[in-house]
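Have a look at the structure below before the remarks.
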Amino acid sequence: MSEHKGYKIKDQYQTYFVTLTIVGWVDLFTRLECRNILIESMSYCQSNKGLSIHAYVIMGSHIHLIITAHEHTDGLSSIIRDFKKHTSKQIINWIEKDKKESRSDWLKVIFKYHAKHNKNNTTYQVWQQNNQPKACLHPKFTNQKIFYIHNNPVLSKIVDKPEDYIYSSAKNYLGHNDCILEVDIIDFGIEEGYVLT
């Protein structure tokens, strides 16, 4: 996987904060079908690829994640690569088959344009290459990133409180049972306790 300068997954089994972004910052995940593709694929990676998701949020054009690959896997880069490849296929398939999507022609033009400038793609490119990985080496940094992830929808004026946003792990961290995706909560203990707001 190609990473831009300064951003590399050096330890494949370390916990990382990553951001996966749609090319051109297209608001693809305003569509329920596309959000569901992500949730299903994330769940699959948890069950079948040895991925631990500690925190996440799905925004209009990108997703933020704090993730770790289990020791017995090929590593985090491989899991992210496979996740992006699979979701790209699913998204393109949805664009081509969903007759109700008013932006389908425009989306294909955008994805074709970006594929032309990337030798790793043939017809379409859905995701930007750079995942901006940042190692979560210290509890304070990790806590800040979880706070940032969960407050994204609040800062974007989508909801008033982090836990009101369905497509994030904020509710998981508050102990709710009706979360759409299970996560491996990072327990900071008493001294480094997680603060949601």
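The values are calculated or read from the model by the stated rules, or taken from the named source; none is laboratory data. Since the structure is predicted, the reported quantities are computational estimates derived from the model, not experimental observations. All Cβ positions, glycine included, derive from the backbone under ideal geometry; neighbour counts span all protein chains shown.
Check segment 161-168 and report whether any residue there is modelled with pLDDT of 95 or more, over 26 Å from residue 33 (Cα atoms) and part of a strand (DSSP E or B). So far as segment 161-168 goes, no, none of its residues is modelled with pLDDT of 95 or more, over 26 Å from residue 33 (Cα atoms) and part of a strand (DSSP E or B). Of the set (1) surrounded by fewer than 15 Cβ atoms within 10 Å (Cβ to Cβ); (2) part of a helix (DSSP H, G or I), all apply to residue 74 but (2). Of the candidates 102, 61, the single residue that is surrounded by fewer than 20 Cβ atoms within 10 Å (Cβ to Cβ) and touching a strand residue (DSSP E or B) at 6+ places or on another chain (Cβ under 6 Å) is 61.
Picking from residues in segment 152-169 that are out of contact with any Lys or Arg (no Cβ under 8 Å at 6 or more places or on another chain) and touching a residue at least 40 places away in the same chain (Cβ under 8 Å), the one that is farthest from residue 58 (Cα to Cα) is 156. In the condition set (1) within 29 Å of residue 159 (Cα to Cα); (2) in contact with a Leu (Cβ under 9 Å, 6 or more places away or on another chain), residue 30 is compliant with all but (2). Residue pairs whose Cβ atoms lie under 6 Å apart, sitting 6 or more positions apart in sequence or on different chains, and linking a residue in segment 10-39 that is of a type in the set (Lys, Arg) to a partner that is surrounded by 16 or more Cβ atoms within 10 Å (Cβ to Cβ) and part of a strand (DSSP E or B), are 35/58. Restricting segment 121-166 to residues that are surrounded by fewer than 19 Cβ atoms within 10 Å (Cβ to Cβ) and of a type in the set (Phe, Trp, Tyr), the residue that is nearest to residue 23 (Cα to Cα) is 148.
The listed residues are 66, 80, and the only one of them that is part of a helix (DSSP H, G or I), surrounded by 15 or more Cβ atoms within 10 Å (Cβ to Cβ), of a type in the set (A, V, I, L, M) and touching a residue at least 40 places away in the same chain (Cβ under 8 Å) turns out to be 80.
Under the condition of being under 15 Å from residue 20 (Cβ atoms) and modelled with pLDDT under 90, the residues counted in segment 84-105 number 0.
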